[in-house]
Amino acid sequence: MKWEKDLNKLGHAIQGYAYFFLLGASGSRTSALTAWGGFEPLCPFYQRCLLCWLFPVFKFFMRNAFKLHDEQRNLPRLEFIEKLLDRVDAAVGPEGLGYIVGDHLTYVDISF
């Protein structure tokens, strides 16, 4: 259960860390729209248009929801990511041939 909770937290930490830069003051509108499918031809045209038109609104709300204006809040995210990756490295062994939990493939390995 601990790994499951930590992997869920890892997803949120990566998301917050990436959005800090993607939607930050120096972040590129084009990069964010690319990540969201704003230029993807397989994405319905109306959705691409809405993404482009409403980008400033999405950026504003996401920066506030994820507290992306505070760099001090981003540092713990990076620390958590690095510590969890170190734990995974230790669990799978120096050659990377082991599994995170036990001696066979589990949902934790697949989730990671």
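The values are calculated or read from the model by the stated rules, or taken from the named source; none is laboratory data. Just so it is clear, the model here is predicted, and its values are computed rather than measured. Glycine gets a Cβ as well: all are built from the backbone with ideal geometry, and neighbour counts include every protein chain shown. For accessibility, only protein heavy atoms count, side chains too; no ligands or nucleic acids. Shrake-Rupley method; radii C 1.70, N 1.55, O 1.52, S 1.80 Å.
Considering (1) modelled with pLDDT under 95; (2) open to solvent by 50 Å² or more (accessible area, probe 1.4 Å); (3) over 15 Å from the mean Cα position of the chain (by Cα), say which one Lys9 fails and leave the rest.
(3)
Within the set of pairs 6 or more residues apart or between chains, which connect a residue that is touching a residue at least 24 places away in the same chain (Cβ under 8 Å) and of a type in the set (D, E, K, R) inside the range 25-40 to a residue that is part of a helix (DSSP H, G or I) and open to solvent by less than 50 Å² (accessible area, probe 1.4 Å) with Cβ atoms less than 8 Å apart?
Arg29/Phe55
Looking at (1) free of Cβ contacts under 8 Å to residues at least 24 places away in the same chain; (2) surrounded by 14 or more Cβ atoms within 10 Å (Cβ to Cβ), which is the only condition Gly16 fails?
Of the numbered conditions (1) free of Cβ contacts under 8 Å to residues at least 24 places away in the same chain; (2) surrounded by 14 or more Cβ atoms within 10 Å (Cβ to Cβ), the odd one out for Gly16 is (1).
Do you know which residues across the range 43-100 are open to solvent by 80 Å² or more (accessible area, probe 1.4 Å), within 17 Å of the chain's Cα centre (by Cα) and either under 16 Å from Asp6 (Cβ atoms) or polar (S, T, N, Q) (or both)?
Glu79, Glu82, Lys83
Go through the range 21-31 and give me each residue that's open to solvent by 30 Å² or more (accessible area, probe 1.4 Å) and closer than 18 Å to Gln72 by Cα.
If we filter the range 21-31 for residues that are open to solvent by 30 Å² or more (accessible area, probe 1.4 Å), which is where we start, we get 21-22, 25-26, 28-31.
Of everything in the range 21-31, those that are open to solvent by 30 Å² or more (accessible area, probe 1.4 Å) and closer than 18 Å to Gln72 by Cα turn out to be Phe21, Leu22, Ala25, Ser26.
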